[in-house]
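As structure tokens, the structure follows; a few thoughts come after it.
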Amino acid sequence: MDFLNYFGEVFSLWSFLILLGGTIIGLILGATPGLSPTMAVALAIPFTFQMDAVNGLILLGALYTSTVAGGAVSAILLKIPGAPANIATTLDGNAMAKKGEGKKALQLSFLASLVGGVLGVLLLIFATPVLAKWTLAFKSSESFWIAIVGITIIGTLGSKSVVKGLLAGCIGMWIGTIGFDDIQGAQRFIFHPSLSGGVHIIPALIGLFAIPQIIDMFLKGRSRDDMEVIKVAPHPITKAVKEVARRTRALGIGTAVGSIIGIIPGVGGQIAGLVAYDQSRNFSAEREKFGTGHSEGIIAAESANNAMVGPSLVPLLTLSIPGSPTAAVLLGGLIINGIFPGPGIFKTDPHVVWPFINSMLIGQILMCIFGLLIAGWAAQIARVPRHVMAPMVLALAVFGSYSVQLSMDHVYIMLIIGAGMFVLERYGFSAAPLVLGLILGPIAEEHFVTGAAIAQAQDGIIPFFFTGTLNLCLIAIVVASITYSVWMEIRNRKVRG
Amino acid sequence: MKKLLASAALALMALTGTAQADGHGNYPDRPMMLMVSYGAGGATDFQARIVTMTAGNEDALGMPIAIINKPGAGGRVGWNWFATQAEADGYTMGAYNIPHFIAQSIKGGVEYSADSFEPIANWGADPAVFVVAADSDMNSMADVVEFAKANPGKLTFSGAGLFVGHHIAALQIEKAAGVKMAYIPNKKGGAGAMKAVISGEVMAGVNNLSDAFRAQEAGTVKILGVADLERNAFLPDVPTMMEQGLDVDNSSVNFRGVMVPKGTPKAIIDKLAATVPTMFENSRVQGKMKAGGSPMHIMTRDEVLAMWAAREETLKELLAGL
């Protein structure tokens with residue numbers, strides 16, 4: 001209960017103002033496509049030089065939590081995930097916003113973020129010593145199987161046909177192989193120097209999700225068919241609270257999946273939302289409503305990606321191993337401020353670590369309040385007519401891709417990938433499985449190659465990947481997941497007859 | 001008429017020429033950037049942010065320096081960009097990592113070599129160290145060599161990638177001891193390689209002195225040897241490789257510093273070479289670097305030029321067999 005003694009620091013005037021400012025700025029940055037949590041935290045590090053360690057870390061913590069939640073805003077309203085964490089939110093969130101219920105979607109997303117986020121931080125506060133041991137249990141073979149578990153949901157994610165889902169996943173995995181391979185020293189599919197570093201995930205995300213929509217909006221132009229939203233339905237907060245409270249299953253699955261995935265270093269929050277979305281659909285009584293603007297889809301995805309934030313700091317704080325790209329930047333921020341993470345950090349630097357963690361707890365609440373306040377106002381974006389919307393979204397897409405590394409190369413890559421996705425969508429493919437392949441392909445490859453190299457020096461590849469309780473459990477999940485999607489496909493075919 | 005035009009053009013060129021020379025006198029008159037070819041939060045990135053934080057002071061450059069990250073392919077993306085696209089006007093600087101970029105240019109497939117860049121000054125030197133998990137049976141480099149001799153190719157040890165300082169140290173250790181071990185490069189860099197040691201996935205590892213020092217303080221690893229010519233102030237009790245009978249010099253030490261593209265005006269290079277080392281000596285910079293556990297090693301342009309040339313020679317020899 002040590003942490004209770006350190007709330008005072010968070011509520012001192014300066015610290016609280018920094019926390020409030022960080023949360024609001026984080027929400028806005030998160031809502032801008034292309035400005036990922038990782039970048040927001042990196043941008044803030046120079047500012048922390050001018051502050052004492054506690055305030056500096058409060059700022060970084062507030063930015064981390066609120067940018068993850070803010071990413072849902074553009075995912076819902078523009079169908080552009082602000083960061084990989086928000087991909088799953090586009091599936092039902094944007095469908096709901098298109099029906100004129102954008103306000104409801106935003107409210108559900110912020111409330112679910114609050115629940116997931118607070119539980120995640122509580123887990124960090126109370127279970128860190130236990131979780132730290134868990135982190136070390138995930139070696140190359142376990143991490144490889146985790147990535148494969150994620151890949152098995154490709155078939156059923158976001159598209160009607162399993163075959164098309166798998167094909168899209170393969171295209172994503174192929175894009176993931178582009179670039180200079182550090183482990184083998186090989187150059188793969190580098191047709192142009194700008195591809196030597198591979199395809200960065202942020203421009204790819206923007207291209208895959210934004211460009212097909214933009215082309216579509218330009219094609220439809222000012223035509224009257226397929227009318228746009230005229231009015232955003234009012235949705236009182238009490239109704240949203242009741243809705244979230246009713247969906248305990250989605251909330252529970254989202255929080256659990258997010259917390260577990262958050263602890264595993266490397267896999268991080270990028271896929272927490274997608275896996276939680278898929279699992280809560282599998283266990284839902286209203287399975288067929290997913291993808292049409294169903295509240296469970298939003299709640300599962302958003303509770304998962306915020307639940308990930310707290311546990312992803314466990315390996316960072318106790319072992320100095322960052323669990324996600326954003327945590328890697330946070331590690332730099334800690335070290336600059338003279339805080340060296342390690343098993344003893346809660347004893348050596350309690351006056352810094354506890355205010356940092358507490359500020360994330362308070363930050364979640366501030367983020368939710370502020371988010372709910374702007375929800376109704378932000379949802380009006382859905383009313384902007386197509387011919388005004390299209391150029392604005394295009395400008396945002398170009399800005400977001402450029403800002404990743406201040407490089408036009410990323411803008412061209414974004415446009416080319418987007419144009420390709422537009423063609424694929426015409427043939428019934430969807431972006432979600434493709435992007436999952438793009439994220440998980442390289443993770444699976446990395447751990448397989450590393451594992452294989454270690455295995456060759458020891459007893460060989462088969463015993464390395466196929467022994468150990470955790471490996472066998474993960475393999476069982478892979479088999480179950482594949483069997484389930486094959487069974488669903490057969491059943492669907494029979495129904496379609 | 002033609003003659004008139006030509007002389008007018010000449011006059012104009014002369015004018016702009018002098019204007020430029022004057023411009024160098026005012027240099028720098030606008031903010032500058034420093035390209036870092038590794039991601040935000042990595043050691044090179046945060047050290048670059050610390051050593052440039054006083055650039056705006058009147059006794060330094062008088063203009064702030066912004067850090068721009070261009071990570072990818074082990075630094076190749078950023079250095080390719082710096083060699084081919086960065087403007088040689090003195091406002092675009094880059095951070096170098098030795099031996100990384102020289103080793104990469106020797107292996108090929110990149111658009112730069114040591115001749116593409118002009119060094120300005122060096123700020124840090126992070127030697128590679130040999131680590132094992134805290135509960136390992138091995139307590140000295142002699143134990144490591146003994147095990148590797150008894151089990152050829154079976155001793156797995158991690159490092160941050162191929163053709164980086166860790167890999168160079170690994171090659172030198174194998175060569176000096178006359179043993180074959182299994183070097184396992186890690187895609188997540190030093191942090192990932194360290195995790196592999198702590199979790200027991202590999203038996204040993206080569207890692208940065210600064211990160212290993214923190215891990216040893218935290219009680220997760222033991223440091224068996226330093227790949228440098230002298231013992232390090234952070235680790236006075238850890239012997240060098242040479243002291244333990246392994247002929248490993250300082251070729252793998254990760255030197256970090258500032259450079260500009262080839263073709264940058266001489267006057268600007270001279271001005272930077274005179275100012276930047278004093279900027280690194282600022283007491284606030286020194287304090288932050290010390291707090292962050294990052295060893296500083298300030299070198300002037302001439303010293304860096306000599307160091308680059310020496311590295312190029314040893315690395316060519318070492319990598320020839322690969």
By the Cα gyration tensor axes a ≥ b ≥ c (a/c under 1.5 gives rounded; else a/b larger than b/c gives prolate, otherwise oblate), the shape of region B:128-244 is rounded
Mean per-residue count of partner chain Cβ within 10 Å for A:189-202 equals 3
Looks like region B:252-322, by Cα gyration tensor root eigenvalues a ≥ b ≥ c and the a/c under 1.5 rounded cutoff (else prolate when a/b is bigger than b/c, oblate otherwise), is oblate
So for region A:347-497, using the alpha carbon gyration tensor with a ≥ b ≥ c as root eigenvalues (a/c under 1.5 gives rounded; past that, a/b versus b/c decides prolate or oblate), I'd call it oblate
When A:47, A:290, B:101 are ranked with the fewest other C-beta atoms within 10 Å first, the list becomes A:47, A:290, B:101
With R₀ set to 22 angstrom, the calculated FRET efficiency between the beta-carbons of residue A:2 and residue A:51, to the nearest 0.05, is 0.40
Label model pair residue A:365, residue B:320: point-to-point distance (7 angstrom along the Cα→beta-carbon line) in nm is 6.9 nm
Here the alpha-carbon Rg of region A:118-203 over 2.2 N^0.38 Å rounds to 1.51
Net charge near residue A:237 (other residues with Cβ under 13 Å of its Cβ; Lys, Arg +1; Asp, Glu -1) is +3
Expected unfolding gain across residue A:177-residue A:127 under the 0.36 nm per residue rule, minus the alpha-carbon gap, is 14.3 nm
Placing each pseudo-label 7 Å from Cα in the direction of the beta carbon, residue A:473 and residue A:160 end up separated by a distance in nanometres of 3.9 nm
The summed charge of the residue B:98 Cβ neighbourhood (under 11 Å; Lys/Arg +1, Asp/Glu -1) stands at 0
When all Cα-Cα pair distances of region A:55-160 are considered, the percent exceeding 24 Å is 45 percent
With residue B:215 itself left out, Lys, Arg at +1 and Asp, Glu at -1 over residues whose Cβ is under 12 Å from its Cβ give +1
For residue B:291 and residue A:462, extending 7 Å from Cα along the Cα-Cβ vector and measuring point to point gives, in nm, a value of 5.7 nm
Taking 0.36 nm per residue of separation between residue A:285 and residue A:192 and subtracting their Cα-Cα distance, the length gained on full extension comes to 28.6 nm
With +1 at each Lys and Arg Cβ and -1 at each Asp and Glu Cβ, the charge dipole magnitude of chain B around its Cα centre, to the nearest 20 debye, comes out at 920 debye
Within 10 Å of the Cβ of an average residue in B:32-39, the count of other chain Cβ atoms is 1
With R₀ set to 51 angstrom, the calculated FRET efficiency between the beta-carbons of residue B:217 and residue A:380, to the nearest 0.05, is 0.40
Taking every residue of B:69-77, the Cβ atoms of other protein chains inside 10 Å of its Cβ average out to 6
Taking only Cα atoms of the protein assembly as shown, the Rg to Rh ratio with Kirkwood Rh works out at 0.98
So for R0 = 35 Å, FRET eff. of residue A:351-residue B:134 from the Cβ-Cβ r, to 0.05, ends up at 0.80
In nanometres, the difference between 0.36 nm per residue of separation and the alpha-carbon distance of residue B:284 and residue B:146 is 45.1 nm
From the Cα centre of region A:66-94 to that of region A:328-397, the distance in Å is 14 Å
Here region A:371-388 yields Karplus 3J(HN,Hα) values (6.51, -1.76, 1.60; θ = phi - 60°; whole Hz; Gly and Pro given as x) of x, 5, 4, 8, 3, x, 5, 5, 5, 4, 3, 4, 8, 4, x, 3, 6, 8
Most packed first (mean Cβ within 10 Å per residue), the peptides B:85-98, A:5-18, B:263-276 order as B:85-98, B:263-276, A:5-18
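Readers should treat all values here as calculations from the given coordinates under stated rules, not as data from a laboratory. Small disclaimer: the values here were computed from a predicted structure and weren't measured. Backbone-built Cβ (ideal geometry, glycine too); neighbour counts: all protein chains shown.
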